[in-house]
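Enquirer: This is the structure, below, for whatever I ask next.
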Amino acid sequence: MPQLERKLGLWSCITIVAGTIIGSSIFMKPAIMAAQVHLPLMLLFLWIITGIVSMIGGMITAEVGSMLPETGGQYIYYKHMYGDFIAFLFGWSAFIVSNTASIAGIAFLFAQYTEFFMRLPRFSREIEQSVVFTIPFVGKFYILEYIGVKALAIFMMFIITWVNVRSVKGGAAIQIVSTVMKLLALAVLVFGIFFSGKGDVKNFYSTYDNVH
């Protein structure tokens, strides 16, 4: 019976897990959350709670994974725990919705940040609004809007997919590099903020409205 080859090493597996947990949204979500809660301590409290929940989920998954060392990941776990139907629903939703949306979101975020450093092509406002796709109860989507960002996101998805199809080790190498760069960026932000010389303990309990 054909089996998947074991080609991922320890560091590859660690960076895959770390890169999955520390998503690219960490560079955008805090600003949105801060605008909604207005209080820094509340924002920190929310991050601590979600961190604890994530850690518990990770430990549960690690325990189940050690008990069921089979290819298929969460699909296998759900199959053993809840049966074929629930496992099928998970696999279907992951393939059609959650994983694909996550990949598209990460690629689009990458392309958006790229536009800060280089100008990507765009159509005129009239052309952007000429093609409209409407989803009932959701809203209107302008297909040609930010065409350069969307094209770069699609291109990156094709490139990363091609690398992973061609070589598991090649995909792992990209994962290691991207995770290290992400951690370095976070480290620069953390140390830059704490040692910038402009920090104040009052910022932990002053509302953002008072700060601005």
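Enquirer: Probe of 1.4 angstrom, ligands and nucleic acids ignored: what's the accessible area per residue over the chain, in square angstrom?
Expert: Values: 16510 Å² over 212 residues.
Normalised by residue count, the accessible surface of the chain is 78 Å².
Enquirer: Now for a separate question. Given contacts defined as C-alpha pairs under 8 Å and at least six residues apart, what's the relative contact order of the chain, whole-number percent?
Expert: Working: 132 pairs, mean separation 64.8, N = 212.
This gives 31 percent for the chain.
Enquirer: Which is farthest toward the positive dipole end of the chain among Met118, Met181, Gln74, measuring Cα position about the Cα centre, with Cβ charges +1 (Lys, Arg) and -1 (Asp, Glu)?
Expert: Positive-end residue among those listed: Met118.
Enquirer: Would you please state which residues of region 110-152 a label at Val188 would reach in this model, taking the label point 7 Å out along Cα→Cβ and a backbone N cut-off of under 19 Å?
Expert: 110-119
Enquirer: Then there's this: Given the Cα-Cα distance of Ser167 and Thr114 and 0.36 nm per residue of separation, how much length would full extension add, in nm?
Expert: Working: separation 53, 0.36 × 53 = 19.08 nm, distance 2.61 nm.
Working it through step by step, the gained length comes to 16.5 nm.
Enquirer: So for the pair Lys140, Glu5, with labels modelled 7 Å out along Cα→Cβ, what separation do we get in nm?
Expert: About 5.3 nm, to one decimal.
Enquirer: Simple spin-label model, 7 Å along Cα-to-Cβ: Leu46 to Ile86 in nm?
Expert: A separation of 3.0 nm, rounded to one decimal place.
Enquirer: If eta is 1.567 mPa s and T is 4 °C, what Stokes-Einstein diffusion coefficient results for region 86-139, Kirkwood Rh from Cα pairs, in µm²/s?
Expert: Values: Rh = 14.4 Å.
Rounded, D is 90 µm²/s.
Enquirer: Something else now. Counting other Cβ atoms within 10 Å, keep those with at most 14, restrict to DSSP loop, and tell me which GluC sites (Glu not before Pro) in region 1-102 are left. Kindly include the intermediate steps, with their values, before the conclusion.
Expert: Details: sites: Glu5, Glu63, Glu70; in loops: Glu5, Glu70.
Within region 1-102, the qualifying GluC sites (Glu not before Pro) (loop, at most 14 other Cβ atoms within 10 Å) are Glu5, Glu70.
Enquirer: Is the C-alpha gyration tensor of region 27-133 telling us rounded, prolate or oblate? Criteria: a/c under 1.5 is rounded; beyond that, a/b larger than b/c is prolate, otherwise oblate. Write out the running numbers ahead of the final one.
Expert: Values: a/c = 2.74, a/b = 1.45, b/c = 1.88.
In terms of gyration-tensor shape, oblate.
Enquirer: Using the Cα atoms of the chain, I'd like the radius of gyration and the largest Cα-Cα distance, Dmax, both in angstrom.
Expert: Spelled out, the Cα radius of gyration and Dmax of the chain are 21.1, 66 Å.
Enquirer: Right, something else. Report His80's accessible area, 1.4 Å probe, all protein chains in place, as a number in Å² to the nearest 10.
Expert: Solvent-accessible area, nearest 10 Å²: 110 Å².
Enquirer: Here's something else I'd like to know. How about region 1-106: which trypsin sites (Lys or Arg not before Pro) there lie in a loop by DSSP and see at most 16 other Cβ atoms within 10 Å? Mind dumping the intermediate values first?
Expert: Working: sites: Arg6, Lys7, Lys79; in loops: Arg6, Lys7.
Here the trypsin sites (Lys or Arg not before Pro) that fit, given the DSSP loop and packing criteria, are Arg6, Lys7.
Enquirer: So, taking all protein chains as they sit and a 1.4 Å probe, how much accessible area belongs to Ile143, in Å² rounded to tens?
Expert: 80
Enquirer: Computing the accessible area with a 1.4 Å probe over protein heavy atoms, can you report the carbon and sulfur percentage for the chain?
Expert: Numbers: 11780 of 16510 Å².
Percent of accessible area from carbon and sulfur atoms in the chain: 71.
Enquirer: From zero outward in steps of 5 Å, how is the percent of C-alpha pairs of region 57-116 spread across the bins?
Expert: 4, 17, 17, 18, 16, 11, 8, 6, 3, 1
Enquirer: Also, quick follow-up: Where the centre of each part is set by its Cα atoms, how far does region 161-179 sit from region 76-131, in angstrom?
Expert: 19
The values are calculated or read from the model by the stated rules, or taken from the named source; none is laboratory data. Predicted model only: the values in this text are computed from it and were never measured. A quick note on method: Cβ atoms are made from the backbone with ideal geometry, for glycine too, and the neighbour counts reach across all protein chains shown. SASA here: full protein model, heavy atoms, side chains in, ligands and nucleic acids out. Shrake-Rupley method; radii C 1.70, N 1.55, O 1.52, S 1.80 Å.
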